[in-house]
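First the structure, in the form of structure tokens, and then the observations on it.
The values are calculated or read from the model by the stated rules, or taken from the named source; none is laboratory data. As the structure is a prediction and not an experimental result, all values here were calculated from the model. Because the Cβ atoms are built from the backbone with ideal geometry, glycine has one as well, and the counts that use them run over all protein chains shown. Note: accessible area is taken over every heavy atom of the protein model, side chains too, but ligands, DNA and RNA are not part of it. Shrake-Rupley method; radii C 1.70, N 1.55, O 1.52, S 1.80 Å.
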Amino acid sequence: MTDNAPVVRLDGITMTFSRGGQALTTALEKIDLEIRRGEFVSLIGPSGCGKSTLLRIIGDLIAPTAGEVTVNGKPATRARLDRDYGMVFQAPVLFDWRTVQGNVELPLEILRFDRAKRTARAREMLELVELGDFVRHHPYQLSGGMQQRVAIARALAFEPSILLMDEPFGALDEMTRERMNLEVLRIWEQTGTTVVFVTHSIPEAVFLSSRVVVMSPRPGRITNIIDIDLQRPRNDATRETERYFELVTAVREALHHPGSTGSSGSTSSTSSSGSAAGPRPPSTGRLAVEGAVG
Amino acid sequence: MSAVVVRTRPGGAGGRGQETWSGRWVRRLRFYLPAVVVFVGTLAVWQVFANALAGKVTVLPAPSVIVETLRNHWDDARYPLGAAMQGTLTEALGGLALGTLAGVLVALASARFLTARDILLPVAVAASAIPIIAMAPLFNAWFGILNPLSKMMMAAVLVFFPVMANVTLGLVSVDKAALELTRSYASSEWAVVRKVRIPNALPYFFTALKLATTLSLIGAIVAEYFGGQRNVLGRIIVESASSLAFDVTWAAIMLGAASGIVTYLVVALLERLVIPWHASQRSEQ
Amino acid sequence: MSNPALAAPAGLASPATVGMRVRAAGRVLVSRRARLALFTVGLALLFWEGGKLLFGVPWRADGALIWNPPFRIPFFNDINLPHIWAVLGGFFQPWQRGKELLLWEYLAGAALFTWREAGLGFLFGSAIGLVLATVFVHSRLLERAFVPYVIASQTIPIIALAPLIISAFGQSMGSVVLIATYLVFFPVTIAMIRGLRSFDPRALELMRSYASPRRAIYWKLRLPASLPYFFTSLKIAATASIVGAIIGEAPGGIQNGLGRVIVTFSNYYATGPEKLWCAVIASALLGLVFYGLIALVEARTLRGRGPAG
């Protein structure tokens, strides 16, 4: 497979939920999307736009009503059985009866790694998320951010080809969240996995992603895809660049006016590389950074 | 943690109104069908089995024989089943009333004092670990072995602890925000108790009361095992079983079971009337 | 689940301090509880002897009058409510006139015998309960067919079956074990049906994302998640098994257990009330010890799960 071959391909995904036998809600309507190898793609949109549902459809945790999901060139169910997915949820979902080490070993046990390999691999992952000193701890002894790092280590432990993250930092405070964002970028750069990331924080989506997929509700559909051309490696300074503010604004606009296209950074944007847009008053930028959808 | 619970009623939320009456009944019927099949099947197999072995095995008389026995021995001199059920129910319900009253009073008195509560709850836990019914002979000695009061008190003691513990918990585990809200209206302490604590304790109270109906019957029947007047279910069960009149034993057991189910249902109905806002929320018993 | 309120922020939490803080909090709680328990027992004894002091019959030591209570209430006589020291002293008297064995030794033997029956019933009953619950949570059909009856069993006094079982299967240890077994398996089944479903639904999604077989989901998620429920039901079951054993022994003729001892001593209550009291205390202690043992195993097993597991 070449570097640009799609890891995930969605073809006309439609999802309707039936309630009480008759009433139908269309959660997703005719979603088409391709995600390439090594990409970091964020799904962003207001509550009820179906972004979490879409993530679960990609991960074959629920089946779409119509449409096709192809992952690594095979149907999603096959991909799940081949253990192509690593999942990270909004809550860490750690097993509180296992130690930190034991939690990271969980998928390895199910994949029948032998004991020595399990231990070594889990250690390695915990070093990666900088929790090497906490292997014997139990989840309740860790802070929320540390717990979420354990969840990430667990998701990465068996080297899945694609990492699905469902608002993984939604429950964390803003400071911890920014630190976790840096951490996730570092891990992503080191491991080179493909990441699909659901969030409703605009700054988070812009800071992390190579592409931001903007969705709108009722019925859930993709209204915009915004390329994020911020330089890598990204760090705290990135959050203060002009281009960052522009992109944040672009995503905001796309979210608030789903109909209109062609704001400053829309679909495979016009002003990509030459980030020499005119100076902006800082206040606008700050507003944009604080803005998160719902 | 509310996602998956034992579902005891057919059809989840949201189905109402969009379904026809007949459709709903068909679904309900289908839901209960396995349980009904088991019930009818057990009775049928039991009857056939007992008929085939008629005259040989008496431990398990046929259901029809039990029904017959119930009728024959209702006003019997030796095994007066009707009077026995009345006697045992009187003891159990008397004990239920006494134990519940005492439990609620103690809980109300203690809930305001932190230390009292810290003492009472561990005592209730300890009491739950102790085979209290071993005290039945003591109650016989205190209140007279022939006096129904001795059985009533046994039932009352069994009932007291869970009621006291649950009501205390209910009075105490109040939403902090609700307390602050009431305080912000400058309510009196008594108003807080009336408007916040007691409504909060009601579901706990009914949970305990449902448990207590069974406990009161257990207390009464087991206390009867240890001796007393003959016209009660416990005595009839012991005496008929030891003289191998198993049809009578089964009839008495069935009466005990029926008493348990009926008292439970009465309390469940009461719960529905008193706290419909709570009962409707739950999908489990 | 983990308790965010107790976890320190990432930057501050060192492995050592967090653990220490949790352990220290636990110790304070236990000693406070122990003090309260002692206080409660003391209070009860105070009321007991206080009542006798005010309303009882004349106190005597070696026949000599040492105190004459100012009021009389028949309930506080030495038969209904023997002096505490008389009850305690009873433990160190021969269990029967002319026998060498002291009452406490005799009662310890009886308690061990009863415990053996109760323990067997406890083991069988909880194993059956666990297996049944496992079957029920995996089969909707069987659940709908049988679980309503398991739940309904909690509303009826199933202990009423005890004399029937004794008469039907003979006055043997087996019958008593059978009674203890069925008293245990109902609560364990009900608790475990809930327990095996008490897992975090997202954990199931996680397991499915690993394409876990059902078996792995059971052993690695459902069963460990159900353990708090399991232990809660085992504590109920411990008491239930002892109640079952005592009741099984009492009407039957099983000589060696507490149930029979209680019946025998209650027949001679008028001449030696302290013996029945001692037997009742022995039953209570047996219940507390069994319960305590399970609570201990529970605490050790669930230790890693954090406060209030």
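Taking the Cα centroid of the stretch B:140-178 and of the stretch B:19-46, what is the distance between the two, rounded to the nearest whole Å?
That distance is 38 Å.
List the residues, sorted by chain then number, that are 5 or more residues from residue A:163 or on another chain and whose placed amide H is less than 5 Å from its amide H.
A:86, A:194, A:195, A:196
Would you please give the FRET efficiency between residue C:79 and residue B:102, computed as 1/(1 + (r/R0)^6) with r the Cβ-Cβ distance and R0 = 25 Å, to the nearest 0.05?
0.50
The stretch B:138-174: which residues show an accessible-area loss of 50 Å² or more, assembly versus chain alone, 1.4 Å probe?
Residues of the stretch B:138-174 that lose at least 50 Å² of accessible area once the other chains are added: B:138, B:142.
At a 1.4 Å probe radius, carbon and sulfur cover how many percent of the accessible area of the protein assembly as shown?
63
7 Å from Cα along Cα→Cβ at both residue C:140 and residue C:59: what's the point-to-point distance in nm?
If labels sit at residue C:140 and residue C:59, their model points lie 7.1 nm apart.
At most 15 other Cβ atoms within 10 Å and a DSSP loop assignment: could you name the GluC sites (Glu not before Pro) in the stretch C:33-108 that fit?
Of the GluC sites (Glu not before Pro), the ones in loops of the stretch C:33-108 whose Cβ has at most 15 other Cβ atoms within 10 Å are C:100.
Total accessible area buried between chains A and C, 1.4 Å probe, in Å² to the nearest 100?
3000
For helix B:114-129, report the angle its Cα long axis makes with the longest principal axis of the Cα atoms of chain B; keep it between 0 and 90° and round to the nearest 10°.
Helix B:114-129 sits at roughly 20 degrees to that axis.
Could you go through the stretch C:139-147 in sequence order and give the Karplus-derived ³J(HN,Hα) for each residue, using 6.51 cos²θ - 1.76 cosθ + 1.60 with θ = phi - 60°, rounded to whole Hz, and x for Gly and Pro?
So the Karplus estimates, Gly and Pro as x, are 9, 4, 5, 5, 4, 5, 6, 10, 4 Hz.
Take the alpha carbon gyration tensor of the stretch A:66-123, find the square roots of its eigenvalues, order them as a ≥ b ≥ c, and report rounded if a/c is under 1.5; if not, report prolate when a/b exceeds b/c, else oblate.
Judged from the Cα gyration tensor, the stretch A:66-123 comes out oblate (a/c at least 1.5, b/c at or above a/b).
Taking N as the number of residues in the stretch B:177-285, what value does Rg over Cα atoms divided by 2.2 N^0.38 Å take?
So the stretch B:177-285 has a normalised radius of gyration of 1.61.
Expressed as a whole number of Å, what is the distance separating the alpha-carbon centroids of the stretch A:64-135 and the stretch C:77-147?
47
Just the accessible area per residue of the protein assembly as shown, please: how many Å² with a 1.4 Å probe?
47
Comparing the chain by itself with all protein chains present, which residues of the stretch A:81-108 are at least 50 Å² less accessible (probe 1.4 Å)?
A:89, A:93, A:95, A:96, A:97
Please go through the stretch A:75-164 and write out the GluC sites (Glu not before Pro) that DSSP classes as loop and that have at most 15 other C-beta atoms within 10 Å.
Sparse-neighbourhood loop GluC sites (Glu not before Pro): A:130.
Run the helix sum for the protein assembly as shown: -39,500 (n - 2.57) per DSSP H stretch of 4+ residues, divided by residue count, reported at 222 nm to the nearest 500 deg cm²/dmol. Please report the intermediate quantities before stating the final value.
Working: 32 runs with 513 residues, N = 888.
Roughly -19000 deg cm²/dmol at 222 nm, from the helical runs in the protein assembly as shown.
Let me know the mean shielding of C:164-171 by other chains, meaning the per-residue number of their Cβ atoms within 10 Å of its Cβ.
Mean shielding by partner chains, rounded to a whole number: 5.
Where q = 0.25, 0.29 Å⁻¹, what log10 of I(q)/I(0) comes from the Debye formula for the stretch B:48-95, counting one point per Cα?
-0.87, -0.96
Given the options B:222, B:125, B:163, which has the most mean-square fluctuation in a GNM of chain B, springs set between C-alpha atoms less than 10 angstrom apart?
B:125
So between residue C:43 and residue C:149, what do we pick up on full extension, going 0.36 nm a residue minus the alpha carbon distance?
Full extension of this stretch gives 33.8 nm more.
So which chymotrypsin sites (Phe, Trp or Tyr not before Pro) in the stretch B:118-222 pass both tests, a DSSP loop state and at most 15 other Cβ atoms within 10 Å of the Cβ?
B:185
Of C:52/C:275; C:235/C:275; A:30/A:74, which pairs sit farther than 23 Å apart, going by alpha carbon to alpha carbon?
Those over the limit are C:235/C:275.
Given a 1.4 Å probe and no ligands, DNA or RNA in the count, how much accessible surface is buried by C and B, both sides, to the nearest 100 Å²?
Its buried surface, counting both partners, is about 4600 Å².
Once the dipole of chain C is set up with Lys and Arg at +1 and Asp and Glu at -1 on Cβ about the Cα centre, which of C:239, C:50, C:130 lies farthest towards its positive end?
C:130
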